[in-house]
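Quick notes on the structure that follows.
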Amino acid sequence: MELRIDGIAVDAAPGSSLLELTRRLGMDTAQLSTRPIAAKIAGEVFNLNYIPVRSKDAADPDRPSIRRAMEASGGQVHLLRYSDPTGKDVYARTAQFVLFLALSRRWPEAKAKMNCTVGAGLFIAVSGAEDFSVDALKSEVWEIVHSNIPLVRCRLTTQEAIRRFQANGQEDKARLLSWRKEPYFDEYVYGDFGDYYYGELAPSTGYMTVWDILEADGGFMFVYPDDQNPDRVADYHEMPHFFSVFSEGENWGKLMECQTIADLNGLVDSGRIRELIRVNEALHEKRFSQVADMICQRSAQAVMLAGPSSSGKTTSANRLATQLRVHGKKPILMSMDDYYIDRDQIAPGPDGKVDLEHINTLDTALFAQNLQDLLDGKTVEIPVFNFKTGKREWRGHRMQLNSDSVIIVEGLHALNPVLLPEGLDAGRVFRLFVSPLLPLNMDDHNRIPTSYLRLLRRIVRDHESRGTSVQRTIAMWDSVRRGEKRWIFPYQENADVIFNSSTLYELAVLKKHIFPLLTEVPPEDECYDEVRSIVKILNFVQEADVDDEIPPTSLLREFIGGNSFYR
């Protein structure tokens, strides 16, 4: 069968793998920046050990068998490299396998747990490892990488997998699999070590060529390749503020006995999820109250509230306004969206597309002047952006502060210092960063990224309130995340407070809203692999029909509907 790999024709003999074909074409390079890690075929991601044409057809042994994905794609294969978000995910999962294999070989009695991503680093907590050192771990990892161990995926029954994990002391995985409905389970195996990371890995450990491991309290920090230049290790910067807030969320998970999906399922099954909802919502209310106290103690006149997409910024602004009213303040809500420049005035980027996440889409000079005038006691006319026409409008919306007023400015770029007037007294502004830092893990070796939770929230919200398809939301997501990395996350450590807007219970609630939408996406769709990745995790989550327990002011209501601030 003739395939086209990245547009280049090649004849695929029965039994030949994609790895063999890429090598024949001279595409398997030594540099991580150019080396294929996996392949995308008809919307699905495959390991490079994938064989497009089997030697025999099950129904007709004398005829070669063309795989379903290859037929669906018409023979088109797109190779994934580290620069592709999906390729980076494959590299990250491969690194996880190597790291946990190294730990199990060097410190078999140790307990290691995925914790959180900190910029370009991944923190893994380690306990019970006598004489643990980063240098010893590095040495073990390099040995595994240089051995170029093939990463082989094996299929076994779910019950066999449960027994295997129990025998190996991985009770967390055994508990998770007890909720699995499918009769089989796939895992990657090397010797006595077996693990799985809910997605494809590279063909062998030798692909993990660019990395570093740094000292960290309670474990170590694994540093990924640089996104812009994958042939070098990324620069790692400590983020103590972020790490402290995430650790606080972990502690709350321990107190609520909800640290993993298996824990959450148990609470759903017993009905105790209703208590979890009440405590989560009370915790959020307490934190908003504390933030309001801090703003008033400082006598700040403006709150700059930022956060990534689907973090709950709008609801957070309204709930903070309520708490400020308790202090006798008169909060005034402002949106950075009203400072967009006219759409036809935005210059497209090098790719010919308009980047709506760019700071240059905002009239930053006008906002800075308006803010300065307001703080000086002047009356200011505030623009209104018409999203239907893509134009800024002046509708006579005038604003003036009095002695009890506090402006709450909400927007993606609100922490960017370019928005503040030059020479402004920093004490007059309070900076708040809102992000859902979900501390819930699948199991000890698999965390649930905060970006995953935000994508789920956005899919549900876009469908419920905007009629946007799953495919459309997912198609925009990579662009959204690139904008966040460039314009939002670099400023989060500068916040006076980082507010964790996640709730431990929400995956069980979101499943009811999102699962029917995901199952409608056909396998041949370009976004099918992203959909399948979401489904893989949600398949382990018990659905909870408890919307009646969620208060109308909840952050989650911003996405599932019923938010009283929008009525």
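Of all residues in the range 477-496, how many are aliphatic (A, V, I, L, M) and surrounded by fewer than 17 Cβ atoms within 10 Å (Cβ to Cβ)?
To start, the set of residues in the range 477-496 that are aliphatic (A, V, I, L, M) comprises 480, 488, 495.
Adding the requirement that they be surrounded by fewer than 17 Cβ atoms within 10 Å (Cβ to Cβ) leaves none.
Result for the range 477-496: 0.
Right, GLU520: part of a helix (DSSP H, G or I) and open to solvent by 20 Å² or more (accessible area, probe 1.4 Å) or not? Break it down into steps so the answer makes sense when it comes.
Values: part of a helix (DSSP H, G or I): no; open to solvent by 20 Å² or more (accessible area, probe 1.4 Å): yes.
Considered against the rule, which asks whether it is part of a helix (DSSP H, G or I) and open to solvent by 20 Å² or more (accessible area, probe 1.4 Å), GLU520 comes out as no.
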Subject >> Qualifying positions in the range 289-299 - in contact with a helix residue (DSSP H, G or I) (Cβ under 7 Å, 6 or more places away or on another chain) and either free of Cβ contacts under 8 Å to residues at least 40 places away in the same chain or open to solvent by 10 Å² or more (accessible area, probe 1.4 Å) (or both) >> reply: SER289, ALA292, ARG298
Original post:
Hey, does the range 317-325 have a residue that's modelled with pLDDT of 95 or more, surrounded by 15 or more Cβ atoms within 10 Å (Cβ to Cβ), touching a strand residue (DSSP E or B) at 6+ places or on another chain (Cβ under 9 Å) and farther than 30 Å from ALA508 by Cβ?
Top reply: yes
Original post:
With LEU432, LEU453 as the choices, which residue is open to solvent by less than 20 Å² (accessible area, probe 1.4 Å), in a helix (DSSP H, G or I) and either touching a Pro at 6+ places or on another chain (Cβ under 9 Å) or in contact (Cβ under 8 Å) with a residue 60 or more places away in the chain (or both)?
Top reply: LEU453
Subject >> Condition broken by SER501, with the remaining ones in (1) in contact with a Ser or Thr (Cβ under 9 Å, 6 or more places away or on another chain); (2) open to solvent by less than 50 Å² (accessible area, probe 1.4 Å); (3) modelled with pLDDT under 90 satisfied >> reply: (3)
**OP:** Within the range 6-51, track down each residue that is over 14 Å from SER204 (Cβ atoms), in contact with a helix residue (DSSP H, G or I) (Cβ under 6 Å, 6 or more places away or on another chain) and at pLDDT 95 or above.
**Re:** ALA39
Original post:
If you take the residues of the range 111-167 that are part of a loop (DSSP other than H, G, I, E, B) and under 30 Å from GLU238 (Cβ atoms), which of them is most open to solvent (accessible area, probe 1.4 Å)?
Top reply: GLU130
**OP:** Mind listing whichever residues of the range 27-46 are open to solvent by less than 20 Å² (accessible area, probe 1.4 Å) and of a type outside the set (A, V, I, L, M)?
**Re:** PRO36, GLY43, GLU44
Subject >> Verdict on ARG482 being basic (Lys, Arg), within 16 Å of the chain's Cα centre (by Cα) and part of a helix (DSSP H, G or I) >> reply: yes
Subject >> Residues of the range 252-286 that turn out to be open to solvent by 60 Å² or more (accessible area, probe 1.4 Å), modelled with pLDDT of 95 or more and among the charged types (D, E, K, R), as a count >> reply: 7
Subject >> strands (runs of 3 or more DSSP E) within the range 179-259 that include 1 or more residues within 30 Å of LEU283 (Cβ to Cβ) >> reply: 212-216, 219-223
Original post:
When both residues are 6+ apart or on different chains and their Cβ atoms are under 6 Å apart, which pairs have a first residue that lies in the range 158-180 and is closer than 20 Å to ALA112 by Cα, and a second that is open to solvent by less than 60 Å² (accessible area, probe 1.4 Å) and among the acidic types (Asp, Glu)?
Top reply: ASP172/ASP443; ASP172/ASP444; LYS173/ASP443; LEU176/ASP443
Original post:
Quick one: in the range 326-352, which of the residues that are open to solvent by 80 Å² or more (accessible area, probe 1.4 Å) and touching a residue at least 24 places away in the same chain (Cβ under 8 Å) is nearest to the chain's Cα centre (by Cα)?
Top reply: LEU333
Original post:
Does the range 71-81 contain at least one residue that is among the small types (Gly, Ala, Ser), in contact (Cβ under 8 Å) with a residue 60 or more places away in the chain, open to solvent by 30 Å² or more (accessible area, probe 1.4 Å) and part of a loop (DSSP other than H, G, I, E, B)?
Top reply: no
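With closer than 28 Å to ALA317 by Cβ and in contact with a helix residue (DSSP H, G or I) (Cβ under 9 Å, 6 or more places away or on another chain) as the only criterion, which of LEU283, LEU264 stands out? Show your work before the answer.
Values: LEU264 fails: closer than 28 Å to ALA317 by Cβ.
It is LEU283.
Please enumerate the residues belonging to the range 536-546 that are modelled with pLDDT of 90 or more and open to solvent by 30 Å² or more (accessible area, probe 1.4 Å).
Initially, the range 536-546 is screened for residues modelled with pLDDT of 90 or more, giving 537-546.
Answer for the range 536-546, where residues must be modelled with pLDDT of 90 or more and open to solvent by 30 Å² or more (accessible area, probe 1.4 Å): ASN539, GLN542, GLU543, ASP545.
The values are calculated or read from the model by the stated rules, or taken from the named source; none is laboratory data. None of the values given here were measured: they were computed from a predicted structure. Here the Cβ is made from the backbone with ideal geometry for all residues, glycine too, and neighbour counts use every protein chain on show. Heads up: the accessible areas ignore ligands, DNA and RNA and are worked out on the full protein's heavy atoms, side chains in. Shrake-Rupley method; radii C 1.70, N 1.55, O 1.52, S 1.80 Å.
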